[in-house]
Each structure stands twice: as structure tokens, then as C-alpha cells.
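For reference, the structure discussed in these notes is given below.
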Amino acid sequence: MIIHHPLLGPRDASEFVYLGDASLMNRPNPKSETAAEDFHRYQYLRDNPVGQHRELWYHEQGDRSWLVVTRNTLTHDITKVELARDVARSQK
Amino acid sequence: MSLIDNTQVLSFTFNGKAYQGYEGDTLASALLRNKVRVVGRSFKYHRPRGIMGVGSEEPNALVEIHGAGTCEPNRRATTIKLFDGLNAKSQNHMGPLNFDVLAINDFMHPFLAAGFYYKTFMWPKAFWEKLYEPVIRRAAGLGTLSKAADPDSYDKGFLHCDTLIIGAGPAGLQTALNLGLAGHNIILADDDFRMGGRLLSEDYEINLAPALNWVNETIQTLESLPNVRLMSRTSIYGVYDHGIYGGLETTTDEIGSSKPRHILWRIYAKSSILAAGATERPIAFANNDRPGVMLASAVRSYKNRFDIDLENTALLTNNDDGLQTDAAHIFDTRNGSYVTDVGGRKGVRSLTLNTGEKIAANHLAVSGGWNPNVHLTCHKRARPKWDETLRCFVPDPKTLPSDMSVIGAANGQFSTHAAFKDANDVTEKLGAKPSSLPQTEDAPINVSAFWHVKGKKRAWVDFQNDVTAKDITLAHQEGFSSVEHVKRYTTLGMATDQGRTSNVVGLAVLADTTGQSIPETGTTIFRPPYSPVPIGAFAGTHRGQHFKPTRLTPSHKYAAENGATFIETGYWKRSQWLARSGEKGWRDSVDREVLMTRSSVGICDVTTLGKIDVQGRDAGKFLNKVYVNTFSTLKVGKCRYGLMLREDGIAMDDGTTARLSETHFVTTTTTAKAGPVFRHLEFVRQCLYPDMDVHLISTTDQWAQFSVAGPNARKLLEKIVDPEFDISNEAFPYMACGELTICGGARARLFRLSFSGELAYEISVPARYGDALIREMMQKGEAFDAVLYGTEALGVMRIEKGHAAGNELNGTTTAQALGLGGFVSKKKDCIGKVLSQREGLIAEDSLQMVGFIPVSSQDKLTNGAHFIPKGETPSPETDHGYMSSVAWSPMLETYIGLGFLKNGQNRLGEVIQASHLMGNSHVDVTVVSPHFFDPKGERLRV
């Protein structure tokens, strides 16, 4: 697979480490009354969709950026690659 | 028009007998030239087999290539380019090729039908171990490994292009010419050692001249173009995501030659054009596997390309294409004439016809129609569709990968004219101008649906796996009706040829049995690799020492000079202990290193610990998030121990963090977790707290770091540190840190940290000074009898102090379990805090780290032992925990252990049994505090 890094252009997937569902960026509020339940969902429950999936890849053998990659789990087509930091900021 | 150079004679041996062939021969053609008919034995029935095909479709002629004291099995004689000195042997027989003991299997065939192997499991039970298993094991398998080390080298390479063209027949060559002249950056790959495809083997004309002229001119033009790379003997074996293709180049078949035998290419192409041609298929009839029964296309290849006259040849065909073959007798199924049986065991002698007539013949050319080579279209989930006119599977444009086009015979366009037209069409699609269409033949194939002559005798469908038409019918009768099940039950279409010749015939027989049509029956899924790839090619140069990188510590050379035994920790090699003369075993060295360190001073290389520079205005705030304890309050010039959790509340790693300035921290990780911790910190920084002003960089390789421990540690360092820096206990107390200079101006960092429990420091210098520093310290340390110690002594001393390490931070333990619950700050959130409070993790009877000493001082402790209450039988129900670390303590002169015990903190003084069932060791141990040595910690603060 080839991932089009927003800063570095097309890079081979072997340079990256895969983490999984990008929902891991949405860490719950630890002060909430439902924190225990929220963290349980955050840590353990994931969707496993057929088709579009937003997921986290880390450019370990590169610039150490975390990326949010939108990949079709059926065809492996990658339609979008964003810097996780930009995504995290825009979600604030 | 032959492509044989008979002025260049090549000598080779087959089964020990010497033969001669010519430059341009394959091993198969050279054997046929020498009239060798039987070249191997079949897989199951051990029937004599001859050469059937001419390329990678060959199912029968599997041979071993010998050389350099080893051999490579299962090579197809049709794909071995003959070379002088080739030493090949047939395989799959017991005794000589012409008298194979296992040929008895052929007479036992009623017992060896499809699935016989599975049936041996069922009944009678006693037969399995005594009879079936040993006999089948001995007879099974294709070829035998030499078990000698592979003397050859292999390489890997990466290539990039606009367009990869797979196959150099008329379609591939014409497309390469068009795109090459248009300036596109292209790669043309073909698995043959000579480009041209079927044009090398057929008697065609192009532009009113022999087709070979056009092939040669085209190749000449392509060779002159700098933007074209021609790769012959390169098999494209796999199509992967995002335009990546796997290619295997064979540079030589000779074993033990000086150059890499294979090169594995990873080709990145913006688009690809599959021009892989088609493969002729046989027709199933009784004894159709006898040597001399060949594919009609192969017969023409051997005649035209290799100049071999196969005498007394008859032809059986169900289509027009087969009629091109020169034959003394022609049986065209469309005229109701066909062959029903073959006479002659080690070679065709006669043919029985459907009229009952028997005629003499030595060869039978068979054409059952052509299968487009669609395999590579399927690696990314495309499914071919059945074409009822052509009676074959063709690529379905609706499911093809968007960056792949299929042209020529691979696309069901069987005539040479159609191939050229496809080539020009795809050229236009890729935005280039095609050259004029060469004039050539455009004959339709006119194939009929004649697959199988029914009869009582066995008719072969898959020659390589000995699958007959009856086996397929039997599989269906036994309930295996899906095509994928039939494949697995009968092994139809497996092994080196991957069903090139057998798949469609097999489907036709199955369809006939089930009464369905072929498209209703479906086809099995083609997966990579399309042709076999040696494991050595995947390994490439990553063998032996080069399998993985080696990281050496700055003191490696010095340690090696001083008797070090090294241990691998990840990629690192660390000193495990350093033996001195007279020491009888490792324990002698380790005990001495501990005693010398605790009585004077010892030095240990701790460079391998991960070092992460954390800088920025929010660095303290950031560290508060990733560690359970607080770092924002740490004073400049001080260090603090930190424990890091995973988000699920389990301990991830520990280490120390030093604050060098308001905005600059240096944090350390364990050796094993340096990479994962850094990745985790970047995740927290970029994905969770993107607005924090903090930056991270790994400096593990940039700083050499040594632990200097023992009562004389300060005295030794005073000889190293430049005199303007005061490192007295008052000026530089326990947990102090600072930047200073040593040895007359060299930059260094000093941390007063102790893992051993002694007065201790860690000193770091830029890595390039590491070797000089260890030598300087050891020399200055002579006055104190300083010792260099290894990881074993380090381990003993940390167990004596009750410090958790990798064995305790094992991915299942919590802060509470490690006795570090008090470190968790109540005032702030951190990663893992919420889930660390889960009921199960904080229950009263949860595991807690404590120490253990044997009741009897004679007893040895075993790591991994489980704690069982006295008098109980070891079982999961009576299990109270486990031992995680053990050592002989030379200070206490007893074995000591750390381990996790249910509610351990409240059970100090209790005697419990440590049982190790595999080692059959049951030792009574007393539960004690994990702080065995200097429990008040007085030694480290002096």
C-alpha cells in the first residue's frame, strides 16, 4: 500500500505503524460522571465497518507524524490522508 | 526460423547420464531432442510422465537441479534455460526412474481416489499410526529438500514506472513500442528468457515477412529507448494494492554461481497492462497422461522454436487453432472423431479411436481450446466471466482494478491481428498515439465444448496432482459440490502450475456431473503468487547476521576486550557478565561484580535505555498527562521516578525524568519499550493534546550513558568531573541532575540516580565520547578496584532492592500490584487513570508484588513458579500468584525472589509453596517485603 503523506508525498506502507480506529482521538472527559462507562467504550468498543474507515497510522520510519487515513476496508482505496494534529485541532 | 544456435553445444546430465543440447534450449527441449520420454513420476500413482507443455504451465516435468552439494526440487524443465554443466535429476520415485517401486500405487488406485487420505483417519483406528501414517508420510510430498544450507545469494530491488506491461507477445510488444516511442516510462516483463510470446513458436507472417523479423526489429527499437526497461525471465507473480507488483527475476538456474540467483522486484506502476497471453488446455480421456501426449501448442513450439521433430504425431482437437499442428492423423471432435484410449506405458505406442479402430502413433498433440491467463486480474478481487462463444473465462471489465487493462489473448482476443488492435486501443486510452497496425493473421478459433471422453478408465484432469475425472465425480457424490470444496478435497489446481491446464477442464467435468452450466459452477479464486517464488528471494540479503540490524553500545569494544558475554536485548547487544580468568561459571562472575560494586564501585553501560528529550512551555503539563505522578512541580536540577500507564490502566513503562531547565526535560524509558513509548508520547501529543507547546525527540543514540554505583562512586567521579563543579552530597544530593563538563571541558550530563540501591550516578556524554569515557573511568577507577558489571549483576542488585523491571512490568500489572499505588496523583488526570480504578484491578485480593525467600537456605527458587497454599494441590483454583524474578543474592547468601501474590502486602511472614510443575520443583517460601537489602535506603543518600 502507498499512503500519500500530506507533507512528504507518497510513502510505502512499510514505513508506518498501524494503530486503528481514529475514534481513539476522542478521549472522553475524565471528570464526567459517566467517565468509567465512557472510557470503557472508548478503550474497548470499535466499529468494524465494511467500506470507509478512518484510522490512525504513525509514520515511525519517517517524520513521526500521526495521520488520519480514510481507507476503504473492502478495496483498500485510500481517499483522504490528514495530519492527525490538524484533525484534533479542528475537532476542538 | 528456429531460435536454436546449434554452433553452441551445451553439455548436461539428466539422472547421471550425459547429453548435449544447444544454446537456446530449455532443459525440456534438450531432453526431447535427446529422445528422453519419461522425465518424472506422477504425484500419487507414480505413473511415468513426459513433457506435456512448453512454459510455466508444465505439470509433469518437475526436476531437481543439483550443484554445490545441494539441490533445488520442483523446478519445471520447461522453464530451466539450458546451461553448460547443468546437472538435473528426476524426482518422486523410489528406485530408478524407469523402475519406480511406488508404481504399485497405480494398481492400488481404487483405494487412492479423491479424499483417500482423509478416509484413513476414520477406520480402522489402529491402522493409522502403524500403517497409513508412516507409509503416506514417506510417499507424500512433491520433491525432497536437500537440507543443506543454500549456497546462493538473492537480492531485492525497487522500480518505478508509468506503465508496467506484463507479457512480451504481440500485444505486449506492440504496446511497449507505442508507449515507448511516446516517451512513457515503461517496464516490459516476460517470464521467458526470449521475448516474443507465441510469435516465437508459430509459423505466422507479419507485414508479409516472418513474424520473427518484426519481433527482432521491435525489440531493437525498444532497446534503443532510454525510457523502456526490458525484463526477460521476470515473472510478475502478484498484484498488490495501490499499483504495487511483485516480480521475480531469475538471473541463472545454476546453483552456487557468483551472482544472485533471483532478484525480487517490487514494482510501483501508475498503470499496468496485462498481456499475459493464454494457455492451451488438454482434453480428458483414458490414459491421456502417457508420455508423448502433449499440448498441440507445445508440439508446435518444439518444432518451430526449438527445431525438434516429434515423429509420428497425431492430433486431437476441438478447435481451429489446433489444426495448425503438423500431424499424420487428425481427429477433430467437431467431426465426431476422437481418441478414447492410449496404448504404451512409458510412451505412446498406439491410439484407440471412438470408432474402435486402433492406430500406431508416438505422439499425440491435444488442443482443448485456450484459457486466457486471467490470474493476475483476480489478485484484487476481480472475478472473470464465462464467454460461451470462446468457451473460456475472460476478464470482466466491470470488476477489473481501475489501473489495469487487459489486452490480447489474455483478454480473449486470440488472433495476432486482434492482439495488435487491442494494443493500439489501449495506447490511445493512455493518451499516446499508436503506430500503424501491422498486417497479420486474424483467424477465429471456432472452439467446441468437448471436454471429456467418458469411460470406465481413468482420464486425467490435473496431471500434477493426479486428479482424474472420476475423482471429481466422486467428490461431488461425497457432498463436495462447491468448486472451492472440490479443489480442497481433490487437490485439483494446486501446486506449482496452479491449475493452468486443469482448472477449466475440472470445472467442465464438475458442471457435467452436477448438471449445471460452467458459469453456474463458478471458478476458484486466484491468489498470489502466480508462479512459485523461492523463500530465499523473499529473504533477499536479510540472512544470518543481516537478518536484523545490530546495535552496539559505546562500551562494546572495551567490554569485548574484557571478557564480556553479550546478550541480545532487542537489536542491542549488552554485556551480560564479564568473566575473569579462574572463574568457573557465570555465577562466579556475577557474584563478584555485585560484591565489588557494593563494596567499592561498579560501572554499567545503560546507554540502551530510551532517552527522550521533552521541550516546550507545556513540557511539565504534558508529562503530567503521561505519568501517574506530577512533573510540572519538579524543580530544575532534579530528577523524579515516573510510572506510565496504558489507557486501560495497566502499567506500560517506567523511568526517570530530569528537569534541565524550565522548558527542558530528559526522560528515560526501559530498553525494550523505547520505541513504543515514544510512539505513545507522540500519539498523546499530536492526537489528544495538539495545542500543548511541547516537542519530543529521541536521543537514545546520541548520548552514551553509564551508571556509576557503589560507596566510592563519588570519589571516582570527582576524578572525572572538572573541578569547578561541586558534586558533594550537599551540593549534588540524591536525585540531583545537571549539565557540566568532564575530563577538561567535555560536555556531559550527570544524574544522581540509583537502581542498585548504592550511592550512584548516571553520567552521559555525546555518544562519540562513550568509548573514551569508559576507558578513562576504568583507568581512574583502578585506585578503587572499580569493576565493569553486566546485566546479570544489574538484575541481582535491582531484585535485592525490590525494584520492578520488565518481568514485573509485563503488560498485566497495575500500579497497585507493583506497590506503586501511592505514586498515582489524586489531584490530576493522566492516561490510564480512569480505567485503573476498575473494580477488578483494585479488589482486595488482587495481586501485589512482594518478596520471597526459601524457608530452607539450601533451596533454589524457580522463575515462573506459582504460589499454592501449604497442603493444597496445585490447580487454577488454588493458585495465589506467581514468581516473576529470582536471583542468588551474594549479599544475603540465599536465593531471593519477587513475585505477585493475592493480597500479598497483608501476608508478610506467611509460608507458602512455590510450585513449578514443569520443573517439578516445590519449595516452601516465606513471604517478605520486596526490599531485601538496605530496606531503609540509607546507602544511596550518603
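Every number in this text was worked out from the coordinates using simple rules, so none of it is lab data. Here the structure is a predicted model, which means the values were calculated and not measured. Note that we place each Cβ from the backbone using ideal geometry, even for glycine, and neighbour counts take in every protein chain shown.
Values as computed for the structure displayed
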read-out	value
nm² value of the averaged projected area, convex hull over the Cα atoms of the protein assembly as shown	51.0
Note, ³J(HN,Hα) from phi for segment A:78-85, Karplus 6.51, -1.76, 1.60, rounded to Hz, x at Gly and Pro	9, 9, 7, 10, 10, 6, 4, 4
Leading residue at positive end of dipole, chain B (Cβ point charges), from B:159, B:375, B:145	B:145
Average partner coverage of B:686-694, which counts Cβ from other chains inside 10 Å	6
J(HN,Hα) series, segment B:285-300, from Karplus relation 6.51 cos²θ - 1.76 cosθ + 1.60, nearest Hz, glycine and proline x	8, 4, 6, 6, 9, 5, x, x, 7, 10, 5, 4, 5, 5, 4, 5
For residue B:566, residues with placed amide H under 5 Å, excluding near neighbours	B:576
Along principal axes, Cα extents of segment B:540-621, largest first, whole Å	54, 46, 19
Cα centroid separation, segment B:420-447 to segment A:1-62 (Å)	48
Entries of B:44/B:470; B:303/B:421; B:156/B:573 with Cα pairs more than 20 Å apart	B:303/B:421; B:156/B:573
Amide H within-cut-off set for residue B:638, under 5 Å, with H built and near neighbours excluded	B:659, B:737
Whichever lysines have a C-alpha closer than 29 Å to that of residue B:870, once near sequence neighbours (fewer than 8 apart) are set aside	B:801, B:860, B:902
Theoretical FRET efficiency, 1/(1+(r/R0)^6), r = Cβ-Cβ of residue B:428 and residue B:224, R0 25 Å, to 0.05	0.60
Charge dipole (the protein assembly as shown, unit charges on Cβ, about Cα centre) - positive-most of B:316, B:795, B:539	B:795
Assigned charges on the beta-carbon of Lys, Arg, Asp, Glu; chain B dipole about Cα centre (debye)	1160
Electrostatic dipole magnitude of the protein assembly as shown [Cβ: Lys, Arg +1; Asp, Glu -1; Cα centre; debye, to 20]	1140
Unit charges at the beta carbon, dipole of chain B: most positive-side option, B:244, B:63, B:275	B:63
For residue B:928, residues with placed amide H under 5 Å, excluding near neighbours	B:851, B:852, B:853, B:909
Over segment B:282-368: Rg over Rh, Cα atoms, Kirkwood Rh	0.93
Estimated vicinal HN-Hα couplings, Hz - segment B:526-541 in sequence order (Karplus 6.51, -1.76, 1.60; Gly, Pro = x)	8, 10, x, x, 5, 10, x, 10, x, 4, x, 6, 5, 6, x, 8
Helical mean residue ellipticity (222 nm; -39500 (n - 2.57) per DSSP H run of 4+; nearest 500) of chain B	-5500 deg cm²/dmol
Cα-derived Rg to Rh of segment B:460-516, Kirkwood definition	0.92
Selection of GluC sites (Glu not before Pro), segment B:757-848, meeting DSSP coil and at most 15 other Cβ within 10 Å	B:844
Separation of alpha-carbon centers, segment B:796-828 and segment B:464-509, rounded to whole Å	60
Other protein chain Cβ atoms within 10 Å, averaged over every residue that makes up B:828-838	4
Charge tally in the Cβ shell below 13 Å around residue B:153, where Lys, Arg are +1 and Asp, Glu are -1, residue B:153 excluded	0
